[in-house]
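Asks: There's a structure below that I have some questions on.
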Amino acid sequence: MFYREAGDFKTTYADDNQTFPIKFDRYRYYAVLFFAFLIVPFVINDYWVNAVFMPFLIYSIAAIGLNILVGYCGQVSLGTGGFMAVGAYAVYKLMTAFPEVSIFIHILLAGGVTSLVGVAFGLPSLRIKGFYLAVATLAAQFFLVWLFNKVPWFYNYSASGQISAPERTVFGIAVTGPNTAAWATYLFCLIFVTICALIARNLTRGTTGRKWMAIRDMDIAAEIIGVDPLKSKLSAFAVSSFFIGVSGALFFSVYLGAVEVGEVFGINKSFLVLFMIIIGGLGSIFGSFAGAAFLVLLPVLLKNVLVGMLGWPTDLAAHLEFMIVGALIIIFLIAEPHGLAQLWRVAKEKLRLWPFPH
Amino acid sequence: MSDQMTEGYITEDGRKIGGTLMEMKNITLRFGGVKAITDISFDIKEGEIRAIIGPNGAGKSSMLNVISGFYVPQEGEVWYKGAKRPQMKPYQVAQQGIARTFQNIALFEGMSVLDNVMTGRLNHMKTNMFQQAIWKGKAEKEEVENREVVEKIIDFLEIQSIRKTPVGRLPYGLKKRVELARALAVEPHLLLLDEPMAGMNVEEKEDMSRFILDVNDEFGTTIALIEHDMGVVMDLSDRVVVMDYGKKIGDGTPDEVRNNQDVIDAYLGVSHD
């Protein structure tokens, strides 16, 4: 009844182009922003930040990045873990080399560095497609992890081979290092998520996005209409890697604090982010968030239910958790191959007609 | 009328046709040992509707692919707007103002009708990625300006009601129309139509014919089309090239072509005794 476009007339094309054309959606979006920025920081504690919010926010950035490449441009990539590692090591080198520069700028620069690396590994995409491209990006994954293990310069010749984040502040408030407050790290990540989501949305609704989707849907027709396949594929790799680099940088510096590259940024990470966008919905910004939320929250929820409520032993619960998550993914993909975003769209369609479906 | 003319002419229905827009000179295209096109020359004049006809496998689509840059002929030259065209990629051909549709529809299935038609405006949009990332300002202004052009085309082809529908959900006839809309959004100087009426019923064919004539009339677009329906071809086109087994066997007005003995033989067959 309240959720429809009837009566909400758009008189300019700019109005018609906005992200949330339906009033209700727009208010809901403002409400979420208000809640996330002005309420959550005051009630949040360490457990919620470390177990739920921080991984959700950081994985959201990575999922948006990968979704641009896979969902919008149709180029399958299994190199996400490697590219996150590039972001992490770039920010580490920048933090230690230029301690006086703001961490905010370092993280953006780390994204830029990852972007360049992404373009380099995106070059084969001009010649190969689909699964073959996936294998080529797999090479990036293994090569990058090997490189960061092998060359001591990357981890500043530390004895353990690990990198660990020194304390850095924004406006005098610590956001990295051991003495951070829950709300500070949360807000820091949230700002990046908001910026990234806005940029992704703006790019995908404009010319750049249409070029990507044209390449995804039919590359021959895209070329005949005037899309330069090399440029638009590489731009997708660049933007995607930028986001993934930012998320890797945040993952290392703000979330974990210390990282051993093979463990944290291995092939598992690539698959995890890929699952997020498949479950969330390819080619949808909302889907990136939904997928990240699903795969971050579900294990936490299961653990709380199995160990906390039912009192099962931790090891049994941990193994069961794997099986349940795996089964859910399979059921999900059979029931709704287009992911959570599609469920959301269907729900909105239904809601538009409710309560008179005819 | 002969095919040697370099200047324009007046059509039977009184339209004025300009000078040569595109000229194919002695084009030969081989795939390995197979000769798809053998030594074909013809021209397309500004403002005319030029048909390419011929039996199956005559090399018509190959010819269109040569024009749009998919195939590179082994011999011969393509002249466009009075200059010899260097070898170029399809997207560069598009940037020169040549748009086309495909025999089997090549739309972007995952995108809405509006987005499909908007892709046709790519070469008219100049903002870079950073401006688009910010959106407010230049990118939004440019988007709105191009949207206005696209809406005119959507009006023109009478597809207003489906502009937000994903293309994948549309029936065949409408998809053909959307594909034409996308090609028109380029504002092409030369529009190539590969069997625009294949698989359509009579009403849809009549609609499409009207659109083609209107496009030519209102925008002054030069059109080269391949079609199998002889009635349509004879009615629509100003001049016709006839191909058979990769060779040109006729060229001229529909009437000239209809009475050409080689053409009659190719279509009806000859007895081999």
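The values are calculated or read from the model by the stated rules, or taken from the named source; none is laboratory data. Every value quoted in this text rests on a predicted model; they were computed, and no experiment measured them. For neighbour counting, all protein chains shown are included, and Cβ atoms are generated from backbone atoms with ideal geometry for every residue, glycine included.
Asks: Restricting the search to the range A:217-226, which residues are at the interface with chain B (Cβ under 7 Å from one of its Cβ atoms) and crowded, with 24+ Cβ neighbours inside 10 Å?
Replies: Step one: of the range A:217-226, the residues at the interface with chain B (Cβ under 7 Å from one of its Cβ atoms) are A:217-218, A:220-221, A:223-226.
Across the range A:217-226, the qualifying residues are A:ILE224, A:ILE225, A:GLY226.
Asks: Another question about this same structure. What tally of residues in the range B:235-251 results from selecting those that are assigned to a helix (DSSP H, G or I) and surrounded by fewer than 22 Cβ atoms within 10 Å (Cβ to Cβ)? Break it down into steps so the answer makes sense when it comes.
Replies: The first filter runs over the range B:235-251 and keeps only residues assigned to a helix (DSSP H, G or I), leaving B:235-236.
Applying the additional criterion that residues be surrounded by fewer than 22 Cβ atoms within 10 Å (Cβ to Cβ) yields B:235.
Selection size over the range B:235-251: 1.
Asks: What pairs come up if the first residue lies in the range A:132-159 and is touching a residue at least 40 places away in the same chain (Cβ under 8 Å) and of a type in the set (D, E, K, R), the second is part of a helix (DSSP H, G or I) and surrounded by fewer than 19 Cβ atoms within 10 Å (Cβ to Cβ), and their beta carbons are under 6 Å apart, counting only those six or more places apart or on different chains?
Replies: none
Residues are listed down the side, and each one gets a yes or a no for (1) under 23 Å from the mean Cα position of the chain (by Cα); (2) surrounded by 11 or more Cβ atoms within 10 Å (Cβ to Cβ); (3) touching a residue at least 40 places away in the same chain (Cβ under 8 Å):
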position	(1), (2), (3)
A:LEU298	yes, yes, no
A:LYS303	no, yes, no
A:VAL307	no, yes, no
A:THR314	no, no, no
A:PHE322	yes, yes, no
A:GLU336	yes, yes, no
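Asks: Of A:ALA184, A:ALA139, A:ALA197, which residue is small (Gly, Ala, Ser) and farther than 30 Å from A:VAL76 by Cα?
Replies: Working: A:ALA139 fails: farther than 30 Å from A:VAL76 by Cα; A:ALA197 fails: farther than 30 Å from A:VAL76 by Cα.
None of the other options fit; the residue is A:ALA184.
Asks: Would you pick out the residues in the range B:188-235 that are more than 25 Å from B:VAL66 (Cβ to Cβ), among the aliphatic types (A, V, I, L, M) and out of contact with any strand residue (DSSP E or B) (no Cβ under 9 Å at 6 or more places or on another chain)?
Replies: Within the range B:188-235, B:MET200, B:VAL202 qualify.
Asks: Pick out the one residue from B:LYS126, B:LYS164, B:LYS152, B:LYS141 that is more than 9 Å from chain A (Cβ to nearest Cβ) and free of Cβ contacts under 8 Å to residues at least 12 places away in the same chain. Can you show your working first?
Replies: Details: B:LYS126 fails: free of Cβ contacts under 8 Å to residues at least 12 places away in the same chain; B:LYS164 fails: free of Cβ contacts under 8 Å to residues at least 12 places away in the same chain; B:LYS141 fails: more than 9 Å from chain A (Cβ to nearest Cβ).
The unique qualifying residue is B:LYS152.
Conditions (1) at pLDDT 85 or above; (2) loosely packed, with under 15 Cβ neighbours inside 10 Å; (3) within 14 Å of another protein chain (Cβ to nearest Cβ), marked per residue:
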residue: A:GLU5; (1), (2), (3): no, yes, yes
residue: A:ARG26; (1), (2), (3): no, yes, no
residue: A:TYR29; (1), (2), (3): yes, yes, no
residue: A:PHE34; (1), (2), (3): yes, yes, no
residue: A:ALA51; (1), (2), (3): yes, no, no
residue: A:ALA62; (1), (2), (3): yes, no, no
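Asks: Moving on to the next point. A:GLY177 - would you say it is assigned to a helix (DSSP H, G or I) and under 24 Å from the mean Cα position of the chain (by Cα)? Give the steps one after another, and end with the answer.
Replies: Numbers: assigned to a helix (DSSP H, G or I): no; under 24 Å from the mean Cα position of the chain (by Cα): yes.
Taking the combined requirement at face value, the residue does not satisfy it.
Asks: Being over 30 Å from A:GLY226 (Cα atoms), touching a Ser or Thr at 6+ places or on another chain (Cβ under 9 Å) and either assigned to a loop (DSSP other than H, G, I, E, B) or not aromatic (Phe, Trp, Tyr) (or both) is the filter here; which residues of the range A:190-211 pass it?
Replies: From the range A:190-211, those over 30 Å from A:GLY226 (Cα atoms) are A:190-195; that's our starting set.
In the following step, the residues that additionally are touching a Ser or Thr at 6+ places or on another chain (Cβ under 9 Å) were identified as A:192-193.
If the condition is that a residue be over 30 Å from A:GLY226 (Cα atoms), touching a Ser or Thr at 6+ places or on another chain (Cβ under 9 Å) and either assigned to a loop (DSSP other than H, G, I, E, B) or not aromatic (Phe, Trp, Tyr) (or both), then A:VAL193 is the only one that fits.
Asks: Restricting attention to the range A:164-173, and to residues there that are of a type outside the set (Ser, Thr, Tyr) and surrounded by fewer than 16 Cβ atoms within 10 Å (Cβ to Cβ), which single residue is farthest from the chain's Cα centre (by Cα)? Full working, then the answer.
Replies: Step one: filter the range A:164-173 for residues of a type outside the set (Ser, Thr, Tyr), giving A:165-168, A:170-173.
Narrowing further to those that are surrounded by fewer than 16 Cβ atoms within 10 Å (Cβ to Cβ): A:166-167, A:170-173.
Working: A:PRO166: 24, A:GLU167: 25, A:VAL170: 23, A:PHE171: 26, A:GLY172: 28, A:ILE173: 25 Å.
Per the stated criteria, the residue is A:GLY172.
Asks: Could I ask something else about it? State whether the residues of the range B:25-32 include one that is of a type in the set (Val, Ile, Thr), out of contact with any Lys or Arg (no Cβ under 6 Å at 6 or more places or on another chain) and within 14 Å of chain A (Cβ to nearest Cβ). Working first, answer last.
Replies: So the first thing to find is which residues in the range B:25-32 are of a type in the set (Val, Ile, Thr), and the list is B:27-28.
If we keep only those that are out of contact with any Lys or Arg (no Cβ under 6 Å at 6 or more places or on another chain) too, we end up with B:27-28.
Then drop every residue that is not within 14 Å of chain A (Cβ to nearest Cβ), which leaves none.
No, the range B:25-32 contains no residue that is of a type in the set (Val, Ile, Thr), out of contact with any Lys or Arg (no Cβ under 6 Å at 6 or more places or on another chain) and within 14 Å of chain A (Cβ to nearest Cβ).
Asks: Look at the range B:63-112 and say how many of its residues are touching a residue at least 24 places away in the same chain (Cβ under 8 Å), of a type in the set (D, E, K, R) and within 14 Å of chain A (Cβ to nearest Cβ).
Replies: Total meeting the criteria: 2.
Asks: Let me ask you something else. In the set A:GLY74, A:GLY122, A:GLY111, which member is part of a loop (DSSP other than H, G, I, E, B) and in contact with a helix residue (DSSP H, G or I) (Cβ under 7 Å, 6 or more places away or on another chain)? First the steps, then the outcome.
Replies: Numbers: A:GLY122 fails: part of a loop (DSSP other than H, G, I, E, B); A:GLY111 fails: part of a loop (DSSP other than H, G, I, E, B).
Residue meeting the stated conditions: A:GLY74.
Asks: I would also like to ask the following. Is it the case, given these coordinates, that A:PRO99 is surrounded by fewer than 23 Cβ atoms within 10 Å (Cβ to Cβ), modelled with pLDDT under 95 and not in a helix (DSSP H, G or I)?
Replies: Values: surrounded by fewer than 23 Cβ atoms within 10 Å (Cβ to Cβ): yes; modelled with pLDDT under 95: yes; not in a helix (DSSP H, G or I): yes.
The answer is yes for A:PRO99.
Asks: Return the residues of the range B:208-234 that are assigned to a helix (DSSP H, G or I) and surrounded by fewer than 18 Cβ atoms within 10 Å (Cβ to Cβ); say none if nothing qualifies.
Replies: Of the range B:208-234, the ones assigned to a helix (DSSP H, G or I) are B:208-219, B:230-234.
Of everything in the range B:208-234, those that are assigned to a helix (DSSP H, G or I) and surrounded by fewer than 18 Cβ atoms within 10 Å (Cβ to Cβ) turn out to be B:ARG210, B:LEU213, B:ASP214, B:ASP217, B:GLU218, B:PHE219, B:MET230, B:GLY231, B:MET234.
Asks: Next question, about the same structure. Can you tell me which of (1) part of a helix (DSSP H, G or I); (2) buried (at least 20 other Cβ atoms within 10 Å of the Cβ) is the one B:VAL149 doesn't meet?
Replies: Condition (2) is where B:VAL149 drops out.
Asks: If you don't mind, there's one more thing I want to ask. Given (1) in contact with an Asp or Glu (Cβ under 7 Å, 6 or more places away or on another chain); (2) buried (at least 21 other Cβ atoms within 10 Å of the Cβ), where does B:GLU195 come up short, assuming only one miss?
Replies: The number of the failed condition is (2).
Asks: Answer with yes or no whether A:SER60 is among the small types (Gly, Ala, Ser), in a loop (DSSP other than H, G, I, E, B) and touching a residue at least 60 places away in the same chain (Cβ under 8 Å).
Replies: Values: among the small types (Gly, Ala, Ser): yes; in a loop (DSSP other than H, G, I, E, B): no; touching a residue at least 60 places away in the same chain (Cβ under 8 Å): yes.
For A:SER60, the condition - among the small types (Gly, Ala, Ser), in a loop (DSSP other than H, G, I, E, B) and touching a residue at least 60 places away in the same chain (Cβ under 8 Å) - is not met.
Asks: Please determine whether any residue of the range B:170-180 is surrounded by fewer than 16 Cβ atoms within 10 Å (Cβ to Cβ), at pLDDT 90 or above, farther than 25 Å from B:ASN216 by Cβ and not assigned by TED's automatic domain parsing to the domain that holds B:VAL34.
Replies: Scanning the range B:170-180, I find at least one residue that is surrounded by fewer than 16 Cβ atoms within 10 Å (Cβ to Cβ), at pLDDT 90 or above, farther than 25 Å from B:ASN216 by Cβ and not assigned by TED's automatic domain parsing to the domain that holds B:VAL34, so the answer is yes.
Asks: Within the range B:9-24, how many residues are surrounded by 15 or more Cβ atoms within 10 Å (Cβ to Cβ) and either in a loop (DSSP other than H, G, I, E, B) or not assigned by TED's automatic domain parsing to the domain that holds B:MET63 (or both)? Break it down stepwise before answering.
Replies: Just the residues of the range B:9-24 that are surrounded by 15 or more Cβ atoms within 10 Å (Cβ to Cβ), to begin with: B:9, B:11, B:15, B:17, B:20-24.
Now narrow it down to the ones that are either in a loop (DSSP other than H, G, I, E, B) or not assigned by TED's automatic domain parsing to the domain that holds B:MET63 (or both): B:11, B:15.
Looking only at that region, the number is 2.
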